[in-house]
Structures are given as C-alpha cells and as structure tokens.
Amino acid sequence: MTNPIKIGIAGLGTVGIGVVKIIQQNEKILQARTGRKIEIVAVSAKAKNKNRGVDLSKYQWESDPISLAKRKDIDIFVELIGGHKGAAKDSIVAAIDTGKDIVTANKALLAHSGQELAEKTEGKNKLLRFEAAVAGGIPVIKALTEGLAGNRLTRVVGVMNGTCNYILTRMQSSGLNYEEIFKEAEALGYLEADPTLDVGGIDAGHKLALLASIGFGTKVNFDAVELEGIGQISIDDINHAADMGFRIKLLGVAQLNGDGLEQRMSPCLVPATSPLGQLEGGTNMVMLEGDHVGQIILSGPGAGEGPTASAVMSDIIDIARGVRLPTFGQPANILKEIQPVKSNTYAPYYLRLSLSDKPGALAKVASLLGDFGISIDRMRQYAHADDHAPVLIVTHATEPKSIEKALANLPKTGVVHDKPVALRIEPL
Ligand code: HSE
C-alpha cells in the first residue's frame, strides 16, 4: 500500500463539510480507487466551536488558512474559502510556495487570477485543479480536459447559474414577475451573498471564462466576457417567447469566430423543445461541441453540498492516483493571448416592440429592418386595449451589428414606443 495522501481543508462551509463527509463515509471506496488512504490532517475555518454536524475532533485545527497551507505534513491544500482575493488567494499562494498541490472550487479567483496562479503552480511542478469551480457536480472540466482532448473545440454553450435558471423557469411556471420570484429565491437561500453575482451573470461569466480557456487554449480573460444579467427580463417576454416556441435562458457562449474569441453571458432564446430549453429549476447544462465528436450535453446539479463536494473529490482522487495535468489542459506558459471580440456570428433575433396602432406603422418598421438587411421570419401582433400594439418579430439569421443599428434607428420611425426588446435566439 502506498503512503496515505494527506490533505488540509481551508473553509468549512457547505462544500468543506461535504468533502469531510465523503472522505469519512466513503473511506473504503476511495482507498480501493486510489490505492491510498485519503487522510484529512488539518482543517481551518473562522469559528472553531461551531457545530457543523460532523466529527472534526481527529483533525488538527488551524485558525489561519495560511498556516494550514504552509504545514509540512499535507500534500494537498483544499481551498474552499471563496472570494477572489484575501484569504483564499493568499493561502493558495502560500501553499504553492511551500510545494503543495491545490484543489479549489473558487471560480472567481481563477477567473481573475487563473493565469498567474497556474504559471506559479506549474513553475513548481505542482497541480492546481478546479473541477468544482464550474457547474458544481457536473464533471465538465474533466470532460473538456480529458474526454474531448482529441477535438478542436468549436463552441461551448451552457446554463451555468442554477439560481438564474430557477428564477426564469419559476417566472414561466407561476406567471409572476422577476421581482416576486427574486424574493422567493432569496427566501429559499438560493442567492449568493451578493445577488448580482448570480442575476448579473458574473458567477456564470467566471465559469464560462474558465471553460473557454481550456477549450480554446487561451489565457483566462474574464474581463472580456460580455455580461448581461436577467434583471431586465419581463414576464411578458417569457410568455411571448413561449408562445413563439422558445424559452429564455441566461446562456453562456464561447467560440472562436475568425477575428478572435467571443465570450458572452446573456439572456437568449433557445427552442423550447431543445435540451437547454427543457432545463428546469436550479439544474445546470453545458453543451460542448468539438470538430470530431459533435455535440456533448452534460447536465446535473450545479451547486449544493453533495454535488460540489463530489467535484472537489474527483480532483483529490486524481491527485492521489498520480494523474498529472496542467491547470488549463496545456501548460500555462503556452496558453495564447487571444483578441477578445464581440459576437459577429449570425443568429435569428426576437424583437418585441410597442407600435402605434395606426396605418403604416408596421410597414415603417418592416422597411427599416429591411434597410439594415434584416429579414422577418415570423411576426405576431397581440390584442390590446389602448393605441399601442404589442408586436413580436422573429428575424431570419442576422448579423448582431445590423440588429444594433436597427435598434438605434427604430425611434426615428416615430411609431415605436418604449424601449424595444431584442434577444438573440442561439442556434443549437
Ligand atoms: N450561485 C451559483 C448558482 C452556484 O446559482 O448556480 C455557485 O456558483
């Protein structure tokens, strides 16, 4: 039997305790699979005497995560503190400096400092693994880094924030507006301490930036992710989109588009009958598209104690087994610095307009769209009591900048009221 692999866990919140439970409850399975005992040596958290529902008495206690990271008797430093600076980053740096392998669930930290930390870790010939940082229990990092390693990736598409998917699907099932369902999600404890991380698309944007780096061999560039949250989505749009055969999702898309790397996290329409369209509640789904494999769809729980701890364990197990992989699938020092670009990929669009109900109004809009090369695929005008007619237009595939120009010019028609809504329909 090989020596035990010794770990230190910093952060005993939901995920940290989940990891302790798996190591305690599945001890024999883990040992059979790795050929080694996985041993927790020491743990660290803010409050020592809090009852966390698991027996921590056998582990050494460190009140400072940096002291834990520097201990000579651990092989793997497991960072589950969270946050993109402060204790999480400082303790990881201390662990790298003292020659540990690192496992983290920290998407924010990697999205901001992934390149720097990967170079530092690999410079020491150590590992930095982060399966739990993207889509919780779904083994998407492993799928991309290992299972699909033979492919040139063409696109990553995904719903990677369960809270937003919960809000959007609950709006649809209840008919209630965003504000009411936001409060419901808050009461259920689904929102991050800073809710804009969820509803502003930031958390999902972090995850997309990490997948894009592995998928396209590029340096993580979260700042280049075009972010748009779900706060502007109205129940009218949810209902009208459904009426036209679509669902609205906070969708992440990353692809190389000829000019550079496109990364966007924004509300999009997807066909209601597609797997992404049928995704309900807090579940995550990622579609990976490779030149030889075609499309792979992975779905499952994107958050929570068991699923996230399960993903942390897969990294610990890999390290215990002796699997040695660079952080982003290829050495950090050869990852490319690629030009970030706005989307120029053609797609159909959903437009919702409020038009004056008078002769020629629709003709003016159709003519303006035509001026920008936008062709109407389908159109519907809804019943109304006042002199503003709600009109929905689904366009044929259109260049995004044509839509932008048309939106900027629509007020000039003199027949459009309120701000028009334009949402991309992502081809799947
Ligand atoms: N808040 C995230 C979500 C989970 O709702 O999916 C952590 O990334």
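The values are calculated or read from the model by the stated rules, or taken from the named source; none is laboratory data. These numbers were taken from a predicted model, which means no experiment stands behind them. All Cβ positions, glycine included, derive from the backbone under ideal geometry; neighbour counts span all protein chains shown.
Kindly indicate whether any position in segment 258-265 is crowded, with 17+ Cβ neighbours inside 10 Å, within 15 Å of the ligand (Cβ to nearest atom) and not in a loop (DSSP other than H, G, I, E, B).
Keep residues of segment 258-265 that are crowded, with 17+ Cβ neighbours inside 10 Å, which gives 261-265.
So of that shortlist, the ones also within 15 Å of the ligand (Cβ to nearest atom) come out as 265.
Among the residues that remain, those that are also not in a loop (DSSP other than H, G, I, E, B) are: 265.
Yes: segment 258-265 contains one or more residues that are crowded, with 17+ Cβ neighbours inside 10 Å, within 15 Å of the ligand (Cβ to nearest atom) and not in a loop (DSSP other than H, G, I, E, B).
Table: residues versus (1) closer than 22 Å to D318 by Cα; (2) in contact with a strand residue (DSSP E or B) (Cβ under 9 Å, 6 or more places away or on another chain).
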| site | (1), (2) |
| --- | --- |
| G13 | no, no |
| V20 | yes, yes |
| R36 | yes, yes |
| A45 | no, yes |
| A95 | yes, yes |
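Out of the residues in segment 191-205 meeting the condition of being within 14 Å of I167 (Cβ to Cβ) and touching a strand residue (DSSP E or B) at 6+ places or on another chain (Cβ under 6 Å), tell me which one is surrounded by the most Cβ atoms within 10 Å (Cβ to Cβ).
Step one: list which residues in segment 191-205 are within 14 Å of I167 (Cβ to Cβ), which gives 191-192, 195-201, 203-204.
Going one step further and asking which of them are touching a strand residue (DSSP E or B) at 6+ places or on another chain (Cβ under 6 Å), we end up with 201, 204.
Details: G201: 28, A204: 32.
For segment 191-205, the residue satisfying everything is A204.
Would you mention how many residues in segment 124-158 are assigned to a loop (DSSP other than H, G, I, E, B), among the small types (G, A, S) and closer than 19 Å to H206 by Cβ? Please lay out each step first, then the result.
Restricting attention to segment 124-158, the residues satisfying the condition of being assigned to a loop (DSSP other than H, G, I, E, B) are 124-127, 130, 134-139, 148-152.
Keeping just the survivors that are among the small types (G, A, S) gives 135-137, 149-150.
Checking which are closer than 19 Å to H206 by Cβ leaves us with 135-137.
Total meeting the criteria: 3.
P271 passes all but one of (1) in the same structural domain as L191 (by TED's automatic domain parsing); (2) under 24 Å from F130 (Cβ atoms); which number fails?
(2)
Do you know which of the residues in segment 66-111 that are assigned to a strand (DSSP E or B) and without any contact (Cβ under 8 Å) to a residue 60 or more places away in the chain is surrounded by the fewest Cβ atoms within 10 Å (Cβ to Cβ)?
So in segment 66-111, the residues assigned to a strand (DSSP E or B) come out as 76-79, 101-104.
Checking which are without any contact (Cβ under 8 Å) to a residue 60 or more places away in the chain leaves us with 102, 104.
Details: I102: 25, T104: 28.
It comes out as I102.
Name the residue, out of G215, G205, that is away from the ligand (no atom under 12 Å from the Cβ) and in a helix (DSSP H, G or I).
The unique qualifying residue is G215.
Residues in segment 401-427 that are in contact (Cβ under 8 Å) with a residue 40 or more places away in the chain and crowded, with 18+ Cβ neighbours inside 10 Å: how many?
The total comes to 11.
Tell me, which residue of segment 342-366 that is in contact with an Asp or Glu (Cβ under 8 Å, 6 or more places away or on another chain) and part of a loop (DSSP other than H, G, I, E, B) is nearest to R378 (Cα to Cα)?
It comes out as P348.
Mind telling me which of the residues N239, N221 ends up being out of contact with any Lys or Arg (no Cβ under 6 Å at 6 or more places or on another chain), surrounded by fewer than 17 Cβ atoms within 10 Å (Cβ to Cβ), polar (S, T, N, Q) and in contact (Cβ under 8 Å) with a residue 24 or more places away in the chain? Don't jump to the end; show me each part of the working.
On the way: N221 fails: surrounded by fewer than 17 Cβ atoms within 10 Å (Cβ to Cβ).
When all the criteria are applied, what remains is N239.
Could you tell me whether segment 339-346 includes any residue that is buried (at least 18 other Cβ atoms within 10 Å of the Cβ) and either over 30 Å from T273 (Cα atoms) or in contact with a Ser or Thr (Cβ under 7 Å, 6 or more places away or on another chain) (or both)?
no
Return the only residue of A242, A254 being under 29 Å from I181 (Cα atoms) and outside any strand (DSSP E or B). Walk me through how you get there before you give the answer.
Details: A254 fails: outside any strand (DSSP E or B).
Criteria check complete, one pass: A242.
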